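Encoded as structure tokens, the structure appears first; notes follow it.
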């Protein structure tokens, strides 16, 4: 079978799951940044930034290993650069980034370093002058100049795309640069402690600013989706709004309206919404039942119980998950195999993709990842 034929099979497999149909087998979507360590155990996470072409090549080799090559998703390569991560932290949270080998130990995971450049008085500035004005001002305060970022290396990108295509992985396009929920953006700009004080001290101003940021973000997103290359789904991260972290009152007033607006906007341009939601969302899942069937994907980390997801959303949207990352690091292959089989018994083979809560950790054991894949394949 040629790589092109394999890619077509994988695309159909994943789209069947996203459309709440039965695929030929359960798709395996395993992402992560540590696969390269299986090829060169001496490599460290600092190498992602100081020698990214080397770690990209190692990751490509890892995805060709026996059993590992059954993963349907493409490897995460080509984007972990200092400039790229600096831009991610700045544009998502008006924060800075701590890099392994520079700010952190050689083999530490990169960190977002919140600096909180927005003041309480800036809520009035947003209301008076708009979010675009405020964004430029906040960039100045953290020393981030978007114009100074190096342009993408399209020659290298095309080279990587050709190598990924040769693996026969899915070619379904995902837009990973959709806006974060406005609650997340403002909480990063203010820093979490101050933002939560704002919710008590000046709730009406916070709500007014979140509504303004919502509108600006959605308009920008729709424009980008219409003008950019076609994509099957768009990735929206959620990190600060689990029901183990904020109340239903706060979620309903300040957070969920963003989803309520953005999902229909994405549906109008024929793009599915991929919710990647960290922490325990079990108390808020009922809000997601409002969205049309097969329009969304719910991708939790390991804290949202899959039993609850199946009960509330199992007939409405594709669910990915949810092997605990720690199990891949410290468990045995038997533990991991059983966890995957238990998941399949619970979720069934329709509207489900096998994944790891948030992602395969950098210290995952290869034999444990293989056990999850074999369990999914029924071997």
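Please treat every number below as a calculation from the coordinates, not as lab data. The structure presented is a predicted model; accordingly, all values stated were derived computationally and were not measured. FYI the Cβ positions are ideal-geometry reconstructions off the backbone, even for glycines, and counts take in every protein chain you see.
Considering only 328, 104, 138, give the residue with the highest GNM mean-square fluctuation for the chain, with springs between Cα atoms whenever their separation is below 10 Å. In the Gaussian network model the winner is 104. Rounded to two decimals, the Cα-based Rg/Rh of region 1-79, with Kirkwood Rh, is 1.05.
By other beta-carbon atoms within 10 Å, ranking 293, 379 with the fewest at the front produces 379, 293. What's the FRET efficiency of residue 102 with residue 128 using the Cβ-Cβ distance as r and R₀ = 56 Å, to the nearest 0.05? According to the calculation, E is roughly 0.90.
Separation of region 347-376 and region 244-261, taken as the distance between their Cα centroids, equals 30 angstrom.
Tell me, 73, 187, 247 in order of fewest to most beta-carbon neighbours within 10 Å?
On the way: 73 19, 187 28, 247 11.
Going from sparsest to densest Cβ surroundings: 247, 73, 187.
Cα gyration tensor of region 7-148, axes a ≥ b ≥ c as square roots of the eigenvalues: rounded (a/c below 1.5), prolate (a/b > b/c) or oblate? Judged from the Cα gyration tensor, region 7-148 comes out oblate (a/c at least 1.5, b/c at or above a/b).
Mind ranking 216-228, 272-284 by how tightly packed they are, going by the mean number of other C-beta atoms within 10 angstrom, highest first? Let's see the in-between values first.
On the way: 216-228: 15.0, 272-284: 20.7.
Highest-to-lowest ranking by the protection proxy: 272-284, 216-228.
Values (i) 38, 25, 20; (ii) 41, 28, 18; (iii) 33, 25, 20 are given for comparison; semi-axes √(5λ) of the Cα gyration tensor in Å, derived from the coordinates here, is the one labelled (iii).
By definition, a body whose alpha carbon gyration tensor gives a ≥ b ≥ c is oblate when a/c is 1.5 or more and a/b is not larger than b/c, and region 182-226 fits this oblate description. Between the beta carbons of residue 286 and residue 261, assuming R0 = 30 Å, the FRET efficiency works out to 0.95 to the nearest 0.05. Between residue 268 and residue 326, the FRET efficiency estimated from the beta carbon spacing at R0 = 56 angstrom works out to 0.90.
Exposure proxy ranking for 296, 318, 358, based on other Cβ atoms within 10 angstrom of each Cβ and starting from the fewest, stands as 358, 296, 318.
Going by a ≥ b ≥ c, the root eigenvalues of the Cα gyration tensor, does region 184-330 fall in the rounded group (a/c under 1.5), the prolate group (a/b larger than b/c) or the oblate group? Taking the square roots of the gyration eigenvalues as a ≥ b ≥ c, region 184-330 is oblate. Placing a label point 7 Å from the Cα of residue 363 along the Cα-to-Cβ line, no residue of region 54-70 has its backbone N under 17 Å from it.
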